[in-house]
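To start, the structure under review is shown below, and the notes come after it.
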Amino acid sequence: MFMSDRRLLAMLSCLILVVVCSAKETKRPNFLFVLVDDQSPFDLKVYNQSSILDSPVIDRLASEGMVLDGAYHMGSWAGAVCTPSRHMIMSGRTVWHLPRRGSKKPGADSSQSLVPATLADHTLAAVFNRAGYDTMRTCKNGNSYAAANAKFTVSRTATKRGGTKETGSAWHADQVLNYLDDRKSDAPFLIYLGFSHPHDTRDGTADLLTKYGAVNHRDRSSLPPGNSKQPSLPVNYLPAHPFHHGHPNLRDEVNVSGVWERRDPRTIRNELGREFACDENIDRQIGRVLQRLETLGELENTYVIYTADHGMAIGRHGLQGKQNLYQHTWRVPLIVKGPGIEPGSRAEGNVYLLDVLSTLCDLADIQPPVTNEGQSFRPVLDGDRETVRDVLYGVYCGGTKPGMRCVKKGDWKLIKYDVMEGAVQETQLFNLRENPHEFLSEHHAPVVTRLMNGTPKATQKNLANDPRYSAKRQELEALLLSEQRRLDDPYRLWDQPNH
């Protein structure tokens, strides 16, 4: 007996519906990776409730996704800290296993033997291209991993640090919007939306400079005008760092337009106002892209990752640049929104930017490349784990050698300086739960916390020479040396064994 036409059509319709629904359920996710240039996490309200920065789009990403409180860029062997940072993002490799122009000092330039010759073929865009993704990138020129950047199918690159739509952050957003408008493919996409701000020169738009009471100061011989609208000085502001940072004539410390070598309150507050003007403009541009993705029906199936290549000082600890290992600079903001991530969630993470590659591969169900050294933090995003590692290592080796090193485990952090041909050899020890701003003895202002019973308690400062914490210092000294050995750090500090 043959089935009636009506019944056959009904069954076929159900079958088609099942196939369509199954296809929708198994559609691979898209990725929008947003990278800003030089931004301390403490610019943002999600990391610093006292910040006056308006960033409603980033705040919404945080409320709809996860904020990671412990994200770090690992470090740098060059004054242009963004260079190794962006290499690590693209390759998933640790700081001493990257292509670089190393020192010619014997024993200090063996890193090239630690870099696979075909590494560029195993970087972010190359991996996702092979997996059938469409890949697009917009970002600044230079100080990046050119061979990896060239793997993106579409690349629209220019440095845009001006204060107009054509010369500023809107240009980068426009490149993504144009790409989305022109795109005909049904393949999933990976979009790398890189901004040239808030890196100096921080020429914000006129309306936002006015909002934050800032001016684009150009006159070395005078101070910028004061304005009550400007951000307050950072809580760990100092007029000078207590000892030399170890990189003579470092551009970021002596030649940033509008700041130069000044660390007076008027200069720093004006520069923070310029920073915030650039930050808020970036927030607006991200909002434009998210709105377009929503209109196209793609946002629900897109992971949005917001981060920076490294943090920034701007007056904190008497420093201006990114060449230090304090939390405001070693840490980066990291917010992730997407399918399956609990809205409004928060985790420590203990992740590096070099973990991004393996994490995106994990979320897309792609095998990470054999050259990858990062760890997926998907278990953290899924709420299954609080952290992916226990110990974190940091380095700045762009000035005099060996430079700075740090190590963190739990609440404890050790920073060591061996610079200026041995003239500066300093150690700092902080309990970040008790002293999250890494106050030093030079922070003379009375900073007080209160115990649960209301009793005032003086905030801790550097504990390195406090005999009560000698065992903790020894523990972290040993951890630092262990990480240096594990990660092929080619240098040793003055009080470490040579091997």
Among the residues of the stretch 216-226, are any under 30 Å from Ile415 (Cβ atoms) and either touching a residue at least 24 places away in the same chain (Cβ under 8 Å) or in contact with a Gly (Cβ under 7 Å, 6 or more places away or on another chain) (or both)?
no
Select from the stretch 154-188 the residues that are within 13 Å of Lys140 (Cβ to Cβ) and hydrophobic (A, V, I, L, M, F, W, C) and list them in ascending order.
Ala158, Trp171
Which condition does Ile268 not pass, out of (1) farther than 19 Å from Tyr326 by Cβ; (2) part of a helix (DSSP H, G or I); (3) under 24 Å from the mean Cα position of the chain (by Cα), if it passes all the others?
(1)
Among Asn249, Asn236, Asn270, Asn281, which is closer than 28 Å to Phe31 by Cβ and either in the same structural domain as Val336 (by TED's automatic domain parsing) or at pLDDT 95 or above (or both)?
Asn281
Examine the stretch 215-231 for a residue that is surrounded by 15 or more Cβ atoms within 10 Å (Cβ to Cβ), out of contact with any Phe, Trp or Tyr (no Cβ under 9 Å at 6 or more places or on another chain) and of a type in the set (Asp, Glu), and state whether such a residue exists.
no
I need a count of the residues in the stretch 233-281 that are over 30 Å from Pro402 (Cα atoms) and small (Gly, Ala, Ser).
3
I'm trying to understand the selection: among the residues of the stretch 482-499, which are closer than 24 Å to Val115 by Cβ and modelled with pLDDT of 95 or more?
Ser482, Glu483, Gln484, Arg485, Arg486, Leu487, Asp488, Asp489, Pro490, Tyr491, Arg492
Subset of the stretch 321-359 [under 15 Å from Met90 (Cβ atoms) and out of contact with any strand residue (DSSP E or B) (no Cβ under 6 Å at 6 or more places or on another chain)]:
Leu353, Leu354, Asp355, Val356, Leu357, Ser358, Thr359
Is at least one residue of the stretch 314-330 farther than 30 Å from Ala78 by Cα and surrounded by fewer than 24 Cβ atoms within 10 Å (Cβ to Cβ)?
no
Meets criteria (more than 30 Å from Glu421 (Cα to Cα), buried (at least 17 other Cβ atoms within 10 Å of the Cβ) and at pLDDT 95 or above) for Gly399
no
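The values are calculated or read from the model by the stated rules, or taken from the named source; none is laboratory data. All figures in this text were calculated on a predicted structure; none of them were measured in a lab. Glycine also receives a Cβ, built like all others from the backbone with ideal geometry; neighbour counts cover every protein chain displayed.
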